[in-house]
Structures are given as C-alpha cells and as structure tokens.
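The values are calculated or read from the model by the stated rules, or taken from the named source; none is laboratory data. Predicted model only: the values in this text are computed from it and were never measured. Reconstructed Cβ throughout: ideal geometry from the backbone, glycine too, with neighbour counts over all protein chains shown.
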Amino acid sequence: MTAIDELLERHANGVDRGAPGVPTPVPSLHLAVVTCMDARIKVFDVFGLRHGEAHIMRNAGGVVTDDIIRSIAISQRKLQTREVIVMQHTSCGLSMITEDEFKDELEEETRLRPPWAIEAFREVKDSVRQSVERVRRSPFVKHTDLVRGFVYDVATAELTEVH
C-alpha cells in the first residue's frame, strides 16, 4: 500500500466531516500564518488554533517568496485577514544546505539550473527578519502594521519572537 492509499483509508475511516460549522473562507481571527512544510510542525497545536480561524501557508523553510506574497495579498484583499505571523524553526533543512550546492546538484542531474531561489540560510532569526521585511515592504500586501516573526524550537516547542 502506498502512503497515499494509507491516507485515503484513514480518511474514509476517520472523523473528518468537512467544515459545516465554518460557512465562509474568511478566517475568524483575520490572521495568516506562514510557516515551514516540516512535518514536525503542527501549526494548529503550536498556536492552539481552531478550524476556520486562520489561513496557513507552508513552503520549504517558511520563507516569504513571491508565491507567499501572492497568497497573503489574496488573503488580505479578498478574505479580510489583517495580521501575519511568519514562523520558521530550529533544525530546518534549509539551514543545512547552500543555494549553490543544491542548484549545482539539480543542474548536474537534469542539465537545467533552476531559476528559483532555494532560500537557504544559516541563521534562522536572520531568515525570519528577512521574510517579515518582505511582507512589510510588498506593495501588494495591504496591511503591514501587524506582521510579526517567530522561531519555533522543534525540540522544546518554545516560541521566540524575532525583532
């Protein structure tokens, strides 16, 4: 059985019944959260979120990229969010590689160099600061006064705000 088949079976036998109590795509806390795709991060648990309270955007590293800006712009301009959390974490895979090494690997294997940035980093706090600034400086993001950045420690669950 594949992982997808296993998840389909879990769904069929699970308790998910959709969101009949959440009648709108507008999150009730008017909040968007940007975080990493790392499987150790349970975003709803980290913040005690309930169904329908926030938009969650995930990618490698929890880095604010053009696509994240696109999602935040839609979230704010069409779905009424006003606040943004950027949360990256300790022991992130992006802190263990370099931009050039990974691009070189891909180019060697495929004979094509990717046009997109890997967004690798050494210091997670610096990466959080950069991502927060990208949100604040984007002309497409309407509400930039309530954008805050955090580092989540995957070993202790400690959440530290980055200023």
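Of the residues in the stretch 120-133, none is among the aromatic types (Phe, Trp, Tyr) and farther than 11 Å from residue 63 by Cβ. Tallying residues that are in contact (Cβ under 8 Å) with a residue 24 or more places away in the chain and part of a helix (DSSP H, G or I) within the stretch 90-110 yields 3. Pairs linking a residue in the stretch 111-125 that is part of a loop (DSSP other than H, G, I, E, B) to a residue that is surrounded by 10 or more Cβ atoms within 10 Å (Cβ to Cβ) and among the basic types (Lys, Arg), with Cβ atoms under 9 Å and 6 or more positions apart or on different chains, are 113/103; 114/103; 118/103. Before we move on, is residue 141 in contact with a Cys (Cβ under 8 Å, 6 or more places away or on another chain), at negative phi, among the β-branched types (Val, Ile, Thr) and modelled with pLDDT of 95 or more? Here the answer is no, as residue 141 does not meet what is asked.
Could you say whether any residue in the stretch 61-84 is closer than 25 Å to residue 144 by Cβ and in a strand (DSSP E or B)? So far as the stretch 61-84 goes, yes, one or more of its residues are closer than 25 Å to residue 144 by Cβ and in a strand (DSSP E or B).
State whether one or more residues within the stretch 133-140 are of a type in the set (Gly, Ala, Ser), outside any strand (DSSP E or B), within 28 Å of residue 26 (Cβ to Cβ) and in contact with a helix residue (DSSP H, G or I) (Cβ under 7 Å, 6 or more places away or on another chain). Checked against the condition, which is being of a type in the set (Gly, Ala, Ser), outside any strand (DSSP E or B), within 28 Å of residue 26 (Cβ to Cβ) and in contact with a helix residue (DSSP H, G or I) (Cβ under 7 Å, 6 or more places away or on another chain), the stretch 133-140 yields at least one hit. Scanning the stretch 106-127 for residues that are touching a helix residue (DSSP H, G or I) at 6+ places or on another chain (Cβ under 8 Å), closer than 30 Å to residue 82 by Cβ and surrounded by 13 or more Cβ atoms within 10 Å (Cβ to Cβ) yields 119, 121, 124, 127.
Filter the stretch 1-59 for residues that are in contact (Cβ under 8 Å) with a residue 40 or more places away in the chain, assigned to a loop (DSSP other than H, G, I, E, B) and either surrounded by 14 or more Cβ atoms within 10 Å (Cβ to Cβ) or among the charged types (D, E, K, R) (or both) and give the result. Within the stretch 1-59, 26, 27, 29, 30, 38, 40, 41 qualify.
Among the conditions (1) acidic (Asp, Glu); (2) closer than 30 Å to residue 79 by Cα; (3) under 16 Å from the mean Cα position of the chain (by Cα); (4) surrounded by fewer than 14 Cβ atoms within 10 Å (Cβ to Cβ), the only one that residue 153 does not satisfy is (2). Only one of the numbered conditions (1) over 16 Å from the mean Cα position of the chain (by Cα); (2) closer than 27 Å to residue 77 by Cβ is not met by residue 108, and that is (2). Out of curiosity, is residue 147 buried (at least 16 other Cβ atoms within 10 Å of the Cβ), touching a residue at least 40 places away in the same chain (Cβ under 8 Å), of a type outside the set (D, E, K, R) and within 13 Å of residue 68 (Cβ to Cβ)? Here the answer is yes, as residue 147 does meet what is asked.
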